[in-house]
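Reading through the structure tokens given below for one structure.
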Amino acid sequence: MEYLPEFLTVALVHLLAVISPGPDFAFVTRQSLSYSRPTAVYSALGVGLGILVHVTYSMVGIGWLISQSILLFTALRWLGAAYLIWIGWQALRAQPHNLNTRSGSRPQDLSPARAIWLGFLTNALNPKATLFFLALFTQVIRPTTPLFIQGLYGVEMSLATFAWFACLAVLLTHRAIQTRIARVQHWAERVMGAVLIALGLKIALSRE
């Protein structure tokens with residue numbers, strides 16, 4: 001019970017960050033519009049697993065090192081920006097397609113491993129997530145909090161992230177919603193692609 005107030009604060013701060021629009025939201029939306037529900041959910045799982053990367057380096061102090069090194073942070077920023085732009089470019093090239101009425105899947109659906117990997121990279125390469133977790137582990141979580149407890153915080157944040165984006169994936173891949181947007185689906189994918197490219201450019205050109 002000693003760490004319950006801190007846990008609730010961490011959970012609330014993280015939840016507010018997760019539900020705010022950003023690269024993860026745009027990515028999962030794009031996956032939900034482009035592929036089947038399983039692929040979209042696996043993509044959400046990858047995003048959730050990416051959280052553990054930020055938690056791990058924040059716990060061991062690497063996050064502080066990255067934030068203090070202009071070279072390292074710039075490299076991370078450009079790598080993350082390039083990845084988002086690449087994903088966005090793929091979405092911009094979306095062509096009209098129809099749902100498979102038997103299975104609800106689409107042609108050229110992604111394998112679970114690839115969907116997870118793409119989601120993982122989207123979150124792990126987000127430089128703003130680096131700064132968020134650094135602030136969380138230095139301003140909210142006390143230095144005296146045992147590493148085991150900090151690890152539990154990380155697991156909770158990873159699961160909460162997966163749960164949020166999995167719900168989003170399930171909602172956007174619902175048959176009723178898919179039917180309504182079927183005729184303009186490729187345009188919706190292109191819009192999300194443009195959003196991802198814009199986010200990538202914003203990260204690349206940011207001087208913060």
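Worth pointing out:
- Check on Ala26, of a type outside the set (Asp, Glu), in a helix (DSSP H, G or I), closer than 22 Å to Leu199 by Cβ and modelled with pLDDT under 90: yes
- Qualifying residues in the stretch 144-158 (those that are out of contact with any helix residue (DSSP H, G or I) (no Cβ under 9 Å at 6 or more places or on another chain) and in a loop (DSSP other than H, G, I, E, B)) - the one surrounded by the fewest Cβ atoms within 10 Å (Cβ to Cβ): Thr144
- Residue in the stretch 162-179 that is at pLDDT below 75, part of a helix (DSSP H, G or I) and surrounded by fewer than 16 Cβ atoms within 10 Å (Cβ to Cβ) present: yes
- Selected residue (criterion: nearest to Glu156 (Cα to Cα)) from residues of the stretch 42-59 that are surrounded by fewer than 24 Cβ atoms within 10 Å (Cβ to Cβ) and of a type in the set (Val, Ile, Thr): Val55
- Taking first residues from the stretch 6-29 that are touching a residue at least 24 places away in the same chain (Cβ under 8 Å) and surrounded by 14 or more Cβ atoms within 10 Å (Cβ to Cβ) and partners that are of a type outside the set (Val, Ile, Thr) and not in a helix (DSSP H, G or I), the Cβ contacts under 9 Å between residues at least 6 apart in sequence or on separate chains come to Glu6/Arg142; Gly22/Asn126; Pro23/Leu125; Pro23/Asn126; Asp24/Asn126.
- Residue check for Arg106: under 25 Å from Ala194 (Cβ atoms), basic (Lys, Arg), at pLDDT 85 or above and surrounded by fewer than 20 Cβ atoms within 10 Å (Cβ to Cβ): no
- Taken over the stretch 131-154, the residue count meeting the criterion of being closer than 30 Å to Thr39 by Cα and either without any contact (Cβ under 8 Å) to a residue 24 or more places away in the chain or over 16 Å from the mean Cα position of the chain (by Cα) (or both) is 3.
- One residue stands out in the stretch 188-208 among those that are loosely packed, with under 14 Cβ neighbours inside 10 Å and farther than 24 Å from Leu172 by Cβ: the one that is modelled with the lowest pLDDT, namely Glu208.
- Residue in the stretch 127-136 that is farther than 23 Å from Leu12 by Cβ, assigned to a helix (DSSP H, G or I) and at pLDDT 75 or above present: yes
- Residues of the stretch 3-22 classified as part of a loop (DSSP other than H, G, I, E, B) and either polar (S, T, N, Q) or in contact with a Gly (Cβ under 6 Å, 6 or more places away or on another chain) (or both), total: 1
- Here is the figure for the stretch 30-66: residues that are aliphatic (A, V, I, L, M) and free of Cβ contacts under 8 Å to residues at least 12 places away in the same chain total 3.
The values are calculated or read from the model by the stated rules, or taken from the named source; none is laboratory data. Treat the numbers as computed from the prediction; the structure is a model and nothing was measured. Positions of Cβ are generated from backbone atoms using ideal geometry, with glycine treated the same way; all protein chains shown enter the neighbour counts.
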